[in-house]
Each structure stands twice: as structure tokens, then as C-alpha cells.
Amino acid sequence: MPTTRNPQLNKNGELIHLLSPEGLSRDILTHILDTASNFVSVNDREVKKLPLLRGKSVFNLFFENSTRTRTTFDIAAKRLSADVFTLDIGRSSTAKGETLLDTIDNLSAMAADIFVVRHSESGAPYLIAKHVAPHVHVVNAGDGRHAHPTQGLLDAYTIRHYKKDFTNLRVAIVGDVLHSRVARSDIHALLALGCPEVRVVGPRTLVPSDLAHMGVRVFHNLEEGIRDCDVIIMLRLQNERMSGALLPSSQEYFKSFGLTPERLQLAKPDAIVMHPGPINRGVEISSAVADGPQSVILAQVTFGIAVRMAVMSIVAGNEA
């Protein structure tokens, strides 16, 4: 039986959309990270511009609120010299009843080259990618609970920057995994890049029961879960995606799963602490850890610009 081609790749196996790290090879993921490393130094230049997307139009379509992701995509596209358009969804035709694909068709008629899409419905970027013309590219900036591929890639880049190699690392992802698209993208990216042990740590109500099949170890005790880890990725408590009483209170959550300096000592002495942001201080993580010497949270934001530059430059360089 013929196998279904990954919709993110063209017939030559090159990346034309970035929808999820799932199904992407180690070579493709490494190529994105290597390309990003070439862009990190752009931050230090007097003129922070490269001509790689000159003449291209990038449309930011954020159907869900975001500050950090939208801003870094905007900066990344402008540093590549693209023309950038951010749609005001609250005042757009979508708010007046226009379908998602009709919106895409109208923007495509305005000569869009890249759509950066954040949507509350899982699968929306896939739908758009299947719909657009072969020369148009789609980058998923977060869809429902499904994926947040550029966050997964910038997390992988950050880990590689500080730890150099994935093949001997023990990584713990801690918190509200149930509602986290970041956790899923981190897991797919890290395993594909050769990380031998990925742990998921959280209360039973916030950790899906089917995670073990992804090749991760599941812990419901923070102390056990982070012991001897090289990397700890703290997840934000996804209050806006919760339904029902999954937690007694944020204070109780912090007592059991909040990362404090005392708990951090259970990890390796040179362990790094990460968080996709925004941080809920005193809920997932104490300020002493978030602002401490092992925190690389602000570095993640900086690296995020370079990773998003890499993704857009790569997909725009490949045709279907």
C-alpha cells in the first residue's frame, strides 16, 4: 500500500510547511537548528536585517491571543526583510461570519507568501496548508492542544546551546501536560533529536494516560520526576483551557509541583530551567528559580527569534 506523504514536505522531502515536529526527521530538525545558529548573531549587528525574504509577504493570523509568539514572529519576518501584515482578528471578516478558508482565499488574493497561524482549534493550520496554492507556506504558531512546533524547536535549540548534545540528556517536562501543545512538540522534537530519556511530571488529572506510548516516562511526584535531570521544562498552568475542577487551587499546585530552589537541588548541579512563558510566579515556579543562575528563560525568547527566522527562510526556499 502507498504511504501518505507528510503534508509538511514536498515530493523531494523538503520542508514547505511547519505544522508539527511529529513526523519530521532528525536531519530536518537539525537543519532548522543549524540554520537558526547562523541567525543568532543578527541580534548583535548594527543593522539587524537580512535580504532572504525581500519581496515576500508574511501574514500573521492570530485567532487566539498571544504577545510573545506573535511579536517574535513579527520581528523574525522583518529581520528577513519581508513585508509583514498582522490581521486584527477581532475586527476581521472572520468575526463577521466569514469562514476560515474564505479568509485565507481573500488574503491569498493579496499575494500572501507565508501564513503564520495561531488557532484555538487543533488542525486548523493543516486545513489551511492543504488548501493554499503550492507556492504559499504555512507555519503553525500553536493550534489547540495539538502542537506548537516553533516553541518545541526553540526549546530544543536552547537545550543544544547549553548542553551541546542530546544523546546523554535526561529532560523533565513538568506541569499541565494535558492542555499543553508545547509539551507535545517538545516530546516529538527531543525524541527525534536523540534524547534518550524524556520524563513527564504532573498530577494525574493533568497528565494524559496515553503518554507512555510516545516513549516518555511518567511521574506524578515532582521530587522523583526531576531527580538527576539535566533539563527541567516548567509548563504554564493552562487555566484558560481547563474545564472542571482538575486542581484544588493554584496554591495547592505550587505546594506539590512548584519548582523551588530546594527542589531544584535534586536535579543535576548544572541543570538548566526553562519555561515557555508567560510565567505564573508562585504557581509553577518560584521567583528565586525563575530569576536564578540556572534559569535560561530569557535566552529562550532570544533564541525564538532566530528559530522563527530559520523556519520561515527554509520553507520559503522550497516549493511544493
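The values are calculated or read from the model by the stated rules, or taken from the named source; none is laboratory data. Just so you know, these numbers come straight off a predicted model, no measurement behind them. FYI the Cβ positions are ideal-geometry reconstructions off the backbone, even for glycines, and counts take in every protein chain you see. For accessibility, only protein heavy atoms count, side chains too; no ligands or nucleic acids. Shrake-Rupley method; radii C 1.70, N 1.55, O 1.52, S 1.80 Å.
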Task: Most positive-pole-ward Cα, Phe115, Thr99, His161, against dipole of the chain from beta carbon charges - done: His161
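Per residue, how big is the convex hull around the C-alpha atoms of segment 1-70? Give it to me in cubic angstrom, could you?
163 Å³
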Task: Reach of Lys48 by Cα under 17 Å, taken over aspartates and glutamates that are not fewer than 8 positions away in the same chain - done: Asp74, Asp83
Task: For Glu223, net neighbour charge (Lys/Arg +1, Asp/Glu -1) across residues whose Cβ lies under 15 Å away - done: +4
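Which percent, nearest 5, of DSSP beta bridges in the chain are antiparallel?
Within the chain, antiparallel bridges account for around 5 percent of the total.
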Task: Global geometry of segment 226-317, whether rounded, prolate or oblate, following the gyration tensor of its Cα atoms and the 1.5 cut on a/c - done: oblate
Task: Share of Cα-Cα pairs in the chain lying beyond 32 Å, as whole percent - done: 27 percent
Task: Given charges at beta-carbon only (K, R positive; D, E negative), |dipole| of the chain in Debye - done: 240 debye
Open item on the list: Nearest 500 deg cm²/dmol is fine: what mean residue ellipticity at 222 nm does the chain get from its DSSP H runs of n ≥ 4 alone, each adding -39,500 (n - 2.57), divided by its residue count?
Closed with: -10000 deg cm²/dmol
- [ ] Please work out the average accessible area per residue across the chain, using the 1.4 Å probe convention, and give it in Å².
- [x] 44 Å²
TODO: Read phi for every residue in segment 161-167 and hand back ³J(HN,Hα) as whole Hz from Karplus 6.51 cos²θ - 1.76 cosθ + 1.60, θ = phi - 60°, with x for Gly and Pro.
DONE: 4, 8, 10, 6, 8, 8, 6
- [ ] Return the subset of Lys11/Lys56; Lys11/Lys164; Lys164/Lys255; Lys11/Lys130 for which the Cα-Cα distance in this structure is over 25 Å, preserving the input order.
- [x] Lys11/Lys164; Lys164/Lys255
Open item on the list: How large a share of the accessible area of the chain, in percent, is made up of carbon and sulfur atoms when the probe is 1.4 Å and the other protein chains stay in place?
Closed with: 50 percent
